[in-house]
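Right, one structure below, let's go through it.
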Amino acid sequence: MKLATKLIHAGAEPDPATGAIMTPIYQTSTFVQESPGVHKGYEYARTQNPTRHALQNALAAVENGKYGLCFASGSAATDAVIKLLNPGDEVIAANDMYGGTYRMFTKIFEKYGIKFHFINMQDANEISKYINKNTKLIWTETPTNPMMNITDIEAVAKIAKQHNILLCVDNTFASPYLQNPLNAGADIVLHSATKYIGGHSDSVHGCLIVNDEKLKDQLVFIQNSCGAVPGPQDCFLILRGLKTLHVRMERHCANGEKIANWLRQNSKVDKVFWCGFEDHPNHDIAKKQMRGYGGMMSFTLKDDSIEAANKVLASTQLFALAESLGGVESLIGHPASMTHASIPRKERIKNGLVDSLMRLSVGIEDADDLIADLKQAIG
Ligand SMILES: Cc1ncc(COP(=O)(O)O)c(C=O)c1O
(Lines give C-alpha, C1' and ligand atoms only; values in the text may rest on other atoms or scores of the structure.)
Protein backbone atom coordinates (compact mmCIF):
# COMPACT_ATOMS: atom_id res chain seq x y z
CA MET A 1 0.00 0.00 0.00
CA LYS A 2 1.12 3.57 -0.72
CA LEU A 3 1.40 6.02 2.17
CA ALA A 4 -1.93 7.84 1.58
CA THR A 5 -3.81 4.52 1.72
CA LYS A 6 -1.85 3.32 4.76
CA LEU A 7 -2.60 6.56 6.63
CA ILE A 8 -6.31 5.89 6.27
CA HIS A 9 -6.52 2.11 6.55
CA ALA A 10 -3.49 0.73 8.42
CA GLY A 11 -4.26 -0.76 11.80
CA ALA A 12 -7.98 -0.15 11.50
CA GLU A 13 -10.41 -3.04 11.21
CA PRO A 14 -14.19 -2.68 11.49
CA ASP A 15 -15.14 -3.24 15.14
CA PRO A 16 -15.71 -7.00 15.53
CA ALA A 17 -18.64 -6.47 17.91
CA THR A 18 -20.67 -3.96 15.87
CA GLY A 19 -19.00 -3.37 12.51
CA ALA A 20 -18.30 0.29 13.44
CA ILE A 21 -15.90 1.61 10.80
CA MET A 22 -14.07 3.79 13.31
CA THR A 23 -12.07 2.10 16.06
CA PRO A 24 -14.11 2.55 19.24
CA ILE A 25 -12.75 4.30 22.32
CA TYR A 26 -12.37 1.35 24.68
CA GLN A 27 -12.81 3.36 27.87
CA THR A 28 -12.06 0.58 30.33
CA SER A 29 -9.34 -0.09 32.87
CA THR A 30 -9.58 -3.90 32.77
CA PHE A 31 -10.86 -6.85 30.72
CA VAL A 32 -12.83 -9.82 32.03
CA GLN A 33 -11.06 -13.18 31.81
CA GLU A 34 -12.82 -16.49 31.19
CA SER A 35 -10.51 -18.24 33.64
CA PRO A 36 -7.09 -17.14 34.96
CA GLY A 37 -4.92 -16.30 31.95
CA VAL A 38 -7.66 -17.07 29.42
CA HIS A 39 -8.66 -13.81 27.75
CA LYS A 40 -9.03 -12.09 24.38
CA GLY A 41 -5.50 -10.63 24.36
CA TYR A 42 -6.23 -7.82 26.81
CA GLU A 43 -5.78 -8.00 30.58
CA TYR A 44 -5.25 -4.54 32.03
CA ALA A 45 -5.37 -1.21 30.17
CA ARG A 46 -1.90 0.02 31.17
CA THR A 47 -0.52 -3.05 29.43
CA GLN A 48 -2.83 -3.09 26.42
CA ASN A 49 -5.94 -1.38 25.12
CA PRO A 50 -7.67 -2.08 21.78
CA THR A 51 -7.83 1.62 20.75
CA ARG A 52 -4.14 2.01 21.51
CA HIS A 53 -3.40 -1.28 19.78
CA ALA A 54 -5.01 -0.03 16.53
CA LEU A 55 -3.05 3.22 16.72
CA GLN A 56 0.25 1.45 17.45
CA ASN A 57 -0.22 -0.73 14.35
CA ALA A 58 -1.14 2.28 12.21
CA LEU A 59 1.91 4.25 13.36
CA ALA A 60 4.21 1.30 12.69
CA ALA A 61 2.80 0.97 9.16
CA VAL A 62 3.16 4.65 8.23
CA GLU A 63 6.78 4.77 9.46
CA ASN A 64 7.57 1.54 7.56
CA GLY A 65 8.35 -0.17 10.86
CA LYS A 66 7.21 -3.43 12.44
CA TYR A 67 6.23 -2.21 15.91
CA GLY A 68 4.64 0.96 17.27
CA LEU A 69 4.43 1.93 20.94
CA CYS A 70 2.32 4.80 22.23
CA PHE A 71 3.04 7.04 25.20
CA ALA A 72 1.30 9.78 27.13
CA SER A 73 3.51 12.42 25.44
CA GLY A 74 6.54 12.80 23.21
CA SER A 75 8.54 13.42 26.38
CA ALA A 76 7.30 10.14 27.89
CA ALA A 77 8.50 8.38 24.72
CA THR A 78 11.92 10.07 25.08
CA ASP A 79 12.04 9.01 28.73
CA ALA A 80 11.39 5.37 27.72
CA VAL A 81 14.28 5.40 25.22
CA ILE A 82 16.78 6.73 27.76
CA LYS A 83 15.61 4.08 30.26
CA LEU A 84 17.12 1.48 27.91
CA LEU A 85 20.49 2.71 29.23
CA ASN A 86 22.48 1.99 32.39
CA PRO A 87 24.61 4.22 34.62
CA GLY A 88 27.97 4.82 32.91
CA ASP A 89 26.46 4.66 29.41
CA GLU A 90 27.06 7.61 27.09
CA VAL A 91 24.81 9.35 24.59
CA ILE A 92 25.83 11.56 21.67
CA ALA A 93 23.09 14.08 20.98
CA ALA A 94 22.58 17.00 18.61
CA ASN A 95 23.26 20.34 20.28
CA ASP A 96 20.13 22.12 19.05
CA MET A 97 17.35 19.78 19.94
CA TYR A 98 13.97 20.55 21.54
CA GLY A 99 14.63 22.34 24.86
CA GLY A 100 12.53 19.90 26.88
CA THR A 101 14.62 16.96 25.64
CA TYR A 102 17.81 18.82 26.58
CA ARG A 103 16.31 19.54 30.01
CA MET A 104 15.38 15.88 30.53
CA PHE A 105 18.85 14.68 29.53
CA THR A 106 20.75 17.19 31.68
CA LYS A 107 18.46 17.65 34.67
CA ILE A 108 16.97 14.17 35.06
CA PHE A 109 19.22 11.55 33.52
CA GLU A 110 22.69 12.99 34.16
CA LYS A 111 22.10 12.46 37.86
CA TYR A 112 21.54 8.75 37.21
CA GLY A 113 25.05 8.52 35.79
CA ILE A 114 24.29 8.77 32.07
CA LYS A 115 26.70 11.02 30.21
CA PHE A 116 25.54 13.22 27.32
CA HIS A 117 27.74 14.82 24.65
CA PHE A 118 25.98 17.63 22.79
CA ILE A 119 27.57 18.12 19.40
CA ASN A 120 27.00 19.72 16.01
CA MET A 121 25.50 16.86 14.02
CA GLN A 122 25.24 18.68 10.72
CA ASP A 123 28.56 17.07 9.93
CA ALA A 124 28.14 13.35 10.64
CA ASN A 125 31.93 12.90 10.84
CA GLU A 126 31.96 14.91 14.09
CA ILE A 127 30.23 11.98 15.81
CA SER A 128 33.17 9.56 15.56
CA LYS A 129 35.29 11.83 17.80
CA TYR A 130 32.95 11.22 20.73
CA ILE A 131 32.47 7.47 20.39
CA ASN A 132 34.02 5.23 23.02
CA LYS A 133 33.22 1.83 24.51
CA ASN A 134 30.47 3.35 26.70
CA THR A 135 28.57 4.98 23.82
CA LYS A 136 25.18 3.28 23.56
CA LEU A 137 22.92 5.79 21.85
CA ILE A 138 23.01 8.54 19.23
CA TRP A 139 20.10 10.97 19.45
CA THR A 140 19.17 13.34 16.69
CA GLU A 141 16.33 15.53 15.55
CA THR A 142 16.02 16.54 11.90
CA PRO A 143 14.96 19.16 11.02
CA THR A 144 15.87 20.61 14.40
CA ASN A 145 13.74 22.74 16.67
CA PRO A 146 13.96 25.72 16.05
CA MET A 147 17.04 26.22 13.82
CA MET A 148 15.85 23.85 11.09
CA ASN A 149 19.26 22.20 10.85
CA ILE A 150 19.43 18.96 8.92
CA THR A 151 21.23 15.78 9.93
CA ASP A 152 22.13 13.16 7.34
CA ILE A 153 20.28 10.18 8.84
CA GLU A 154 21.85 7.64 6.48
CA ALA A 155 25.39 8.82 7.26
CA VAL A 156 24.78 8.82 11.03
CA ALA A 157 23.11 5.38 10.84
CA LYS A 158 26.18 4.00 9.08
CA ILE A 159 28.45 5.21 11.88
CA ALA A 160 26.03 3.92 14.53
CA LYS A 161 25.92 0.46 12.90
CA GLN A 162 29.72 0.25 12.61
CA HIS A 163 29.99 0.73 16.38
CA ASN A 164 26.86 -1.20 17.38
CA ILE A 165 25.23 1.94 18.80
CA LEU A 166 21.47 2.58 18.71
CA LEU A 167 20.27 5.54 16.65
CA CYS A 168 17.06 7.32 17.69
CA VAL A 169 15.65 10.00 15.37
CA ASP A 170 13.06 12.47 16.64
CA ASN A 171 10.92 12.80 13.49
CA THR A 172 8.38 15.23 14.98
CA PHE A 173 9.13 18.15 12.64
CA ALA A 174 9.06 16.13 9.42
CA SER A 175 6.22 13.73 10.28
CA PRO A 176 6.01 10.30 8.60
CA TYR A 177 4.72 12.06 5.47
CA LEU A 178 7.99 13.87 4.78
CA GLN A 179 10.58 11.44 6.10
CA ASN A 180 10.94 7.84 7.30
CA PRO A 181 14.15 7.45 9.34
CA LEU A 182 13.89 3.64 9.65
CA ASN A 183 14.34 3.44 5.86
CA ALA A 184 17.59 5.35 6.24
CA GLY A 185 18.90 2.95 8.90
CA ALA A 186 17.69 4.43 12.21
CA ASP A 187 16.76 1.96 14.98
CA ILE A 188 14.10 4.02 16.73
CA VAL A 189 11.81 6.76 15.42
CA LEU A 190 10.19 9.08 17.93
CA HIS A 191 7.29 11.48 17.47
CA SER A 192 5.65 14.01 19.63
CA ALA A 193 2.33 13.02 18.03
CA THR A 194 0.93 16.09 19.77
CA LYS A 195 2.19 17.91 16.67
CA TYR A 196 1.71 16.97 12.97
CA ILE A 197 0.42 13.44 13.50
CA GLY A 198 -2.46 14.59 15.73
CA GLY A 199 -2.62 17.80 13.74
CA HIS A 200 -5.53 19.50 15.50
CA SER A 201 -3.96 20.79 18.74
CA ASP A 202 -6.37 18.72 20.81
CA SER A 203 -4.22 16.09 22.52
CA VAL A 204 -0.76 15.39 23.90
CA HIS A 205 0.74 12.11 22.74
CA GLY A 206 4.02 10.40 21.87
CA CYS A 207 5.16 7.28 20.06
CA LEU A 208 8.13 5.12 19.14
CA ILE A 209 8.47 2.91 16.08
CA VAL A 210 11.08 0.16 15.75
CA ASN A 211 11.86 -2.88 13.61
CA ASP A 212 13.89 -5.04 15.98
CA GLU A 213 11.83 -7.46 18.08
CA LYS A 214 14.23 -7.53 21.03
CA LEU A 215 14.32 -3.74 21.16
CA LYS A 216 10.51 -3.66 20.96
CA ASP A 217 10.29 -6.11 23.89
CA GLN A 218 12.62 -3.96 26.01
CA LEU A 219 10.58 -0.84 25.23
CA VAL A 220 7.26 -2.61 25.87
CA PHE A 221 8.66 -3.69 29.26
CA ILE A 222 9.52 -0.05 30.08
CA GLN A 223 6.17 1.20 28.72
CA ASN A 224 4.26 -1.23 30.94
CA SER A 225 6.52 -1.00 34.01
CA CYS A 226 6.74 2.80 34.11
CA GLY A 227 3.16 3.30 32.91
CA ALA A 228 3.36 6.56 30.91
CA VAL A 229 0.64 5.34 28.55
CA PRO A 230 -2.00 7.41 26.75
CA GLY A 231 -5.71 7.07 27.46
CA PRO A 232 -7.98 5.58 24.78
CA GLN A 233 -9.68 8.92 24.02
CA ASP A 234 -6.33 10.46 23.06
CA CYS A 235 -5.44 7.37 21.00
CA PHE A 236 -8.72 7.80 19.10
CA LEU A 237 -7.96 11.48 18.37
CA ILE A 238 -4.44 10.68 17.15
CA LEU A 239 -5.76 7.84 14.98
CA ARG A 240 -8.29 10.24 13.47
CA GLY A 241 -5.62 12.89 12.92
CA LEU A 242 -3.34 10.40 11.19
CA LYS A 243 -5.95 9.77 8.48
CA THR A 244 -5.55 13.29 7.02
CA LEU A 245 -1.80 13.72 7.58
CA HIS A 246 -0.98 13.62 3.86
CA VAL A 247 -3.49 16.27 2.77
CA ARG A 248 -2.58 18.54 5.68
CA MET A 249 1.15 18.17 5.02
CA GLU A 250 0.75 19.06 1.35
CA ARG A 251 -0.83 22.38 2.37
CA HIS A 252 1.71 22.94 5.19
CA CYS A 253 4.48 22.54 2.59
CA ALA A 254 2.86 24.85 0.01
CA ASN A 255 2.10 27.56 2.58
CA GLY A 256 5.55 27.14 4.16
CA GLU A 257 7.28 27.77 0.84
CA LYS A 258 5.25 30.93 0.14
CA ILE A 259 5.82 32.36 3.60
CA ALA A 260 9.54 31.54 3.78
CA ASN A 261 10.05 33.35 0.46
CA TRP A 262 7.96 36.32 1.55
CA LEU A 263 9.89 36.65 4.85
CA ARG A 264 13.17 36.57 2.96
CA GLN A 265 12.34 39.68 0.94
CA ASN A 266 11.08 41.69 3.96
CA SER A 267 13.44 44.56 4.81
CA LYS A 268 13.04 44.17 8.60
CA VAL A 269 13.86 40.46 8.55
CA ASP A 270 17.48 39.41 8.88
CA LYS A 271 17.77 35.62 8.50
CA VAL A 272 15.16 33.03 7.55
CA PHE A 273 15.76 29.39 8.48
CA TRP A 274 13.78 26.98 6.28
CA CYS A 275 15.29 23.82 4.89
CA GLY A 276 13.63 24.26 1.47
CA PHE A 277 15.95 27.13 0.50
CA GLU A 278 18.62 25.95 -1.92
CA ASP A 279 21.26 27.86 0.04
CA HIS A 280 20.21 26.34 3.39
CA PRO A 281 23.22 24.43 4.75
CA ASN A 282 22.52 20.74 4.11
CA HIS A 283 19.65 21.49 1.70
CA ASP A 284 21.01 18.68 -0.48
CA ILE A 285 20.61 16.24 2.39
CA ALA A 286 17.08 17.51 3.08
CA LYS A 287 16.33 16.97 -0.61
CA LYS A 288 17.71 13.43 -0.43
CA GLN A 289 15.88 12.28 2.69
CA MET A 290 12.66 14.35 2.74
CA ARG A 291 9.68 14.44 0.37
CA GLY A 292 9.03 18.14 1.01
CA TYR A 293 10.17 20.86 3.38
CA GLY A 294 7.18 21.43 5.62
CA GLY A 295 5.73 24.45 7.34
CA MET A 296 8.23 24.94 10.16
CA MET A 297 10.64 27.87 9.94
CA SER A 298 12.25 30.52 12.07
CA PHE A 299 13.48 34.02 11.39
CA THR A 300 15.40 36.83 13.07
CA LEU A 301 14.99 40.60 12.87
CA LYS A 302 17.63 43.11 11.87
CA ASP A 303 16.82 44.75 15.23
CA ASP A 304 17.89 41.68 17.22
CA SER A 305 16.26 42.54 20.53
CA ILE A 306 13.65 40.89 22.73
CA GLU A 307 11.63 44.16 22.54
CA ALA A 308 11.47 44.07 18.73
CA ALA A 309 10.46 40.41 18.81
CA ASN A 310 7.83 41.10 21.47
CA LYS A 311 6.28 43.78 19.27
CA VAL A 312 5.79 41.28 16.45
CA LEU A 313 4.59 38.57 18.83
CA ALA A 314 1.97 40.91 20.28
CA SER A 315 0.73 42.08 16.87
CA THR A 316 -0.11 38.95 14.90
CA GLN A 317 -3.81 38.16 14.66
CA LEU A 318 -3.92 34.85 12.78
CA PHE A 319 -0.59 33.47 14.02
CA ALA A 320 -1.46 32.68 17.64
CA LEU A 321 1.29 33.15 20.21
CA ALA A 322 1.54 29.68 21.68
CA GLU A 323 3.85 26.76 22.38
CA SER A 324 3.48 23.65 20.20
CA LEU A 325 3.39 23.24 16.42
CA GLY A 326 2.02 21.12 13.62
CA GLY A 327 -1.67 21.94 14.02
CA VAL A 328 -3.97 23.19 11.27
CA GLU A 329 -3.83 26.69 12.74
CA SER A 330 -0.72 28.85 12.42
CA LEU A 331 1.32 29.53 15.54
CA ILE A 332 4.16 31.89 16.35
CA GLY A 333 6.59 31.35 19.21
CA HIS A 334 9.64 32.90 20.81
CA PRO A 335 12.02 30.03 21.61
CA ALA A 336 14.30 32.11 23.87
CA SER A 337 11.47 32.76 26.32
CA MET A 338 9.19 29.81 25.56
CA THR A 339 10.19 26.35 24.26
CA HIS A 340 13.93 26.82 24.82
CA ALA A 341 13.91 28.92 28.00
CA SER A 342 15.50 25.96 29.81
CA ILE A 343 18.69 26.29 27.71
CA PRO A 344 21.20 28.80 29.19
CA ARG A 345 21.38 32.05 27.12
CA LYS A 346 25.09 31.61 26.34
CA GLU A 347 24.47 28.08 25.09
CA ARG A 348 21.47 29.04 22.93
CA ILE A 349 23.20 32.09 21.36
CA LYS A 350 26.14 29.84 20.49
CA ASN A 351 23.69 27.72 18.48
CA GLY A 352 22.17 30.70 16.64
CA LEU A 353 19.12 30.95 18.86
CA VAL A 354 19.37 34.72 19.27
CA ASP A 355 17.01 37.04 21.17
CA SER A 356 14.83 38.07 18.20
CA LEU A 357 14.49 34.56 16.76
CA MET A 358 10.84 33.68 16.22
CA ARG A 359 9.51 30.33 15.13
CA LEU A 360 6.52 29.86 12.85
CA SER A 361 4.39 26.78 12.57
CA VAL A 362 2.62 27.61 9.33
CA GLY A 363 -0.86 26.15 9.34
CA ILE A 364 -3.21 25.30 6.48
CA GLU A 365 -5.15 28.57 6.26
CA ASP A 366 -5.05 30.69 3.09
CA ALA A 367 -1.42 31.69 2.50
CA ASP A 368 -2.33 35.24 1.42
CA ASP A 369 -4.16 35.85 4.70
CA LEU A 370 -1.15 34.56 6.63
CA ILE A 371 1.21 36.82 4.69
CA ALA A 372 -1.07 39.83 5.29
CA ASP A 373 -0.97 39.04 9.02
CA LEU A 374 2.83 38.88 9.10
CA LYS A 375 3.05 42.07 7.03
CA GLN A 376 0.99 44.10 9.50
CA ALA A 377 2.92 42.63 12.46
CA ILE A 378 6.48 42.94 11.12
CA GLY A 379 5.89 46.08 9.06
C1 LIG B 1 10.90 17.98 18.41
C2 LIG B 1 10.15 17.66 19.66
N3 LIG B 1 10.36 16.50 20.30
C4 LIG B 1 9.72 16.18 21.44
C5 LIG B 1 8.81 17.04 22.01
C6 LIG B 1 8.11 16.65 23.29
O7 LIG B 1 6.80 16.24 23.02
P8 LIG B 1 5.55 16.44 24.01
O9 LIG B 1 5.32 17.89 24.15
O10 LIG B 1 4.46 15.70 23.31
O11 LIG B 1 5.94 15.81 25.30
C12 LIG B 1 8.55 18.27 21.40
C13 LIG B 1 7.61 19.22 21.99
O14 LIG B 1 7.48 20.35 21.58
C15 LIG B 1 9.23 18.59 20.19
O16 LIG B 1 9.04 19.75 19.55
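Per-structure values
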read-out: Beta bridge orientation in the chain: antiparallel %, DSSP, nearest 5; value: 55
read-out: Rounded accessible area per residue of the chain, 1.4 Å, Å²; value: 43
read-out: Relative contact order %, region 1-74, counting alpha carbon pairs below 8 Å whose residues are six or more apart; value: 30
read-out: Sequence ranges 321-330, 59-68, ranked by mean other-Cβ count within 10 angstrom, highest first; value: 59-68, 321-330
read-out: Region 108-161 - Rg (one decimal) and Dmax (whole number), Cα, Å; value: 12.0, 32
read-out: Rounded to 5, the percent of DSSP beta bridges in region 123-195 classed as antiparallel; value: 0
read-out: Relative contact order for the chain, counting Cα pairs under 8 Å that sit 6 or more residues apart, in percent; value: 17
read-out: Unsatisfied cross-links (Cα-Cα over 27 Å) in the set Lys2/Lys195; Lys243/Lys375; Lys161/Lys271; Lys161/Lys350; Lys258/Lys311; value: Lys243/Lys375; Lys161/Lys271; Lys161/Lys350
read-out: Burial order of peptide ranges 241-254, 262-275 (average beta-carbon count within 10 Å, highest first); value: 241-254, 262-275
read-out: Rounded if a/c under 1.5, otherwise prolate or oblate - region 38-183, Cα gyration tensor axes; value: prolate
read-out: Loop trypsin sites (Lys or Arg not before Pro), region 77-123 (other Cβ atoms within 10 Å of the site Cβ: 11 or fewer; DSSP); value: none
read-out: Highest to lowest packing among 42-52, 201-211, scored as the average C-beta count within 10 Å; value: 201-211, 42-52
read-out: Where chymotrypsin sites (Phe, Trp or Tyr not before Pro) fall in DSSP loop in region 118-159, at most 16 other Cβ within 10 Å; value: Tyr130
read-out: Global form of the chain, assessed from the alpha-carbon gyration tensor, a/c cut-off 1.5; value: oblate
read-out: Rounded to 10°, Cα long-axis angle of helix 232-242 versus longest principal axis of the chain; value: 50
read-out: Partners for Lys66 among aspartates and glutamates (Cα-Cα distance below 17 Å; same-chain residues under 8 apart left out); value: Asp187, Asp212, Glu213, Asp217
read-out: Value of [θ]222 nm, deg cm²/dmol, for the chain, DSSP H segments ≥ 4, -39500 (n - 2.57) each, nearest 500; value: -10000 deg cm²/dmol
read-out: Share of carbon and sulfur in the accessible heavy-atom surface of the chain [1.4 Å probe, %]; value: 51
read-out: Charge dipole (debye, nearest 20) of the chain; +1 at Cβ of Lys and Arg, -1 at Cβ of Asp and Glu; value: 500
read-out: Angle in degrees between helix 245-264 and the longest Cα principal axis of the chain, rounded to the nearest 10; value: 20
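The values are calculated or read from the model by the stated rules, or taken from the named source; none is laboratory data. Everything quoted here is computed from the prediction, not taken from an experiment. All Cβ positions, glycine included, derive from the backbone under ideal geometry; neighbour counts span all protein chains shown. Side chains included, ligands, DNA and RNA excluded: accessible areas come from the protein's heavy atoms. Shrake-Rupley method; radii C 1.70, N 1.55, O 1.52, S 1.80 Å.
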